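One structure is given here, and the rest of the page talks about it.
The values are calculated or read from the model by the stated rules, or taken from the named source; none is laboratory data. Note that this is a predicted model, so its numbers are computed, not measured. Please note that ligands, DNA and RNA were not included when accessible areas were found on the heavy atoms of the full protein model with its side chains. Shrake-Rupley method; radii C 1.70, N 1.55, O 1.52, S 1.80 Å.
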Amino acid sequence: YGACPECDGLGSQAAFDEALVVPDMSKSLAERAIAPWAGMLWAGNTRFYQDALPSLAKHYGFRLYTPFK
């Protein structure tokens, strides 16, 4: 009741810039298209992502080498 419709009464909004997350849409996930993940995905100590991405690709029907766009 009476809360700001833009921020739901929180006083701030969270947003992200797609161009910063995926700066080159022609790259695939396997080519490290998602910038924040680029350094950690194949770093050796993050086996979770190495196992999770192929499983997600299989489940949702996409290929890791398909351009992100």
Averaging over all projection directions, find the projected area of the Cα convex hull of the chain and quote it in nm² with one decimal place. 7.0
Before rounding to the nearest 500, sum -39500 (n - 2.57) across all DSSP H runs of length at least 4 in the chain and divide by the residue total; then give [θ] at 222 nm in deg cm²/dmol. -8000 deg cm²/dmol
Helix 47-60 sits at what angle to the longest principal axis of the chain, using alpha carbons and giving 0 to 90 degrees rounded to 10? 80
Carbon + sulfur, % of accessible area of the chain - ligands and nucleic acids excluded, 1.4 Å: 56
